[in-house]
Amino acid sequence: MAFLSKPELRRRIWARIRASGVARFPILEGHTPNFVGAERATRLLRELTLWKRARTVKLGLDAPLLSLRRMALLEGKTVYLAVPGLRTENCFVELDPQRLRRSVLPFAASLRGALRFGRTLSPSELQPIDLVVVGSLAANRHGARIGKGGGETDLEYGLLRREGKVREYTPVVTLLHPVQVLDERIPMRAHDVPVDFLVTVDQVLAAPNLHPRPRGIFWELLPEEAFRKIPVLRKGRREMRFGTRPV
């Protein structure tokens, strides 16, 4: 049986989402889709014990996670976001509600607000993370996930795993619309991050642990362009070459 490549799978999923009429602003193709009912999925996640117990959360900057970012801050959780493109050596933003006025918390949940009110940190400076929530283009019931194609989510996870800020048992959750839950196989490579739970607008799906989690950065799989664009990767490669840091 022939399986679709990731680019083919992405084109098919974007077409499915568009045909279903569940996509919301902003634009669809090339992005993690915002979807009708994202707020309901957020409320479902809020009822899970793993959310209630989490004090520090790493959240994606994807549009369907905006209400989740706001909710996390208003509940007093410390939120970590990645600087888009990991373009600075201090490539994560910390939003600590204890350091911010409550009136700015809803705005701080946006990218512009996070960069204004948060503080940028290197991966080694973050607190240990209790929960990771990622945006997805699609996922299947076995926990395989596919993103929009840039690889940022996998790199962010790899950097945090390398620093011990997330561990093997740290839950990874994604929010998505039911039309994004696939029956098809999703190709997974060594650096791809699987998910433990899929939270949709009407249910929570627990995924079996079929795919290994990346334990760090797979340096040999990175194109040279990634090192040119991402300072923290250049630094990491230098450290390995001079023997000052493990892989």
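The values are calculated or read from the model by the stated rules, or taken from the named source; none is laboratory data. Worth saying up front: this structure is predicted, and the values here are computed from it rather than measured. Positions of Cβ are generated from backbone atoms using ideal geometry, with glycine treated the same way; all protein chains shown enter the neighbour counts. These area figures cover heavy atoms from the full protein model, side chains too; ligands, DNA and RNA do not enter into them. Shrake-Rupley method; radii C 1.70, N 1.55, O 1.52, S 1.80 Å.
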Greater than 22 Å apart at Cα, pairs in 6/165; 52/148; 52/165: 6/165; 52/148
With a ≥ b ≥ c from the Cα gyration tensor eigenvalues, square-rooted, and the rule rounded for a/c under 1.5, otherwise prolate when a/b > b/c and oblate otherwise, the stretch 1-105 is prolate
Considering amide H positions built from the backbone, and no H for Pro or chain starts, which residues 5 or more places from residue 55, or on another chain, come under 5 Å of its amide H? 130
Accessible area of the stretch 130-247 belonging to carbon and sulfur atoms, whole % at 1.4 Å probe: 51
Extension gain residue 206-residue 189, at 0.36 nm per residue separation less the Cα-Cα distance, in nm? 4.0 nm
Quote the accessible area belonging to residue 32 in square angstrom, nearest 10, computed with a 1.4 Å probe and with ligands, DNA and RNA left uncounted. 20
Which value, in Å to one decimal place, does the Kirkwood hydrodynamic radius take for the stretch 32-94 when every pair of different Cα atoms is included? 12.5
Residue-by-residue Karplus 3J(HN,Hα) for the stretch 213-223, coefficients 6.51, -1.76, 1.60, Hz, glycine and proline x: 8, x, 9, x, 9, 8, 4, 5, 8, 7, x
When the helix-only estimate is applied to the chain (DSSP H runs of n ≥ 4, each -39,500 (n - 2.57), divided by the residue count), what is the mean residue ellipticity at 222 nm, nearest 500 deg cm²/dmol? -8500 deg cm²/dmol
For residue 240, the accessible surface traced by a 1.4 Å probe with all protein chains present amounts, in square angstrom to the nearest 10, to 50
Under the Karplus curve 6.51 cos²θ - 1.76 cosθ + 1.60, θ = phi - 60°, whole-Hz ³J(HN,Hα) for the stretch 66-82, x wherever Gly or Pro sits: 4, 5, 5, 4, 4, 4, 4, 5, 5, 7, x, 7, 7, 10, 10, 10, 8
Residue 138's amide H: which non-local residues (gap 5+, or another chain) put their own amide H closer than 5 Å, with H modeled 1.01 Å from N in plane and none for Pro or chain starts? 146
Cα-based shape type of the chain, given that a ≥ b ≥ c are square roots of the gyration tensor eigenvalues and the cut on a/c is 1.5: oblate
Extension gain, residue 227 back to residue 25 (0.36 nm per residue minus Cα-Cα distance, nm): 69.5 nm
With a 1.4 Å probe and all protein chains kept in place, how do 156, 47, 29 rank by accessible area, largest first? 47, 29, 156
Largest to smallest accessible area among 88, 49 [probe 1.4 Å]: 49, 88
Within the stretch 1-74: Cβ-based charge dipole about Cα centre, in debye rounded to nearest 20 (Lys, Arg +1; Asp, Glu -1): 220
Shape category assigned to the stretch 103-188 from the gyration tensor of Cα positions, a/c cut at 1.5: oblate
Check: C-alpha center the stretch 69-98 vs C-alpha center the stretch 1-67, spacing in Å is 19
Diagonalise the Cα gyration tensor of the stretch 140-247 and give the resulting equivalent ellipsoid semi-axes, square root of 5 times each eigenvalue, largest first, whole Å. 29, 14, 11
Heavy-atom surface of the stretch 180-247, accessible at 1.4 Å and reported per residue (Å²): 59
Hz values of 3J(HN,Hα) by residue in the stretch 128-140 - Karplus curve (6.51, -1.76, 1.60), Gly and Pro given as x: x, 9, 8, 7, 10, 10, 10, x, 9, 6, 6, 8, 10
With Cα springs under 10 Å, the Gaussian network model of the chain assigns the largest mean-square fluctuation among 131, 65, 222 to 222
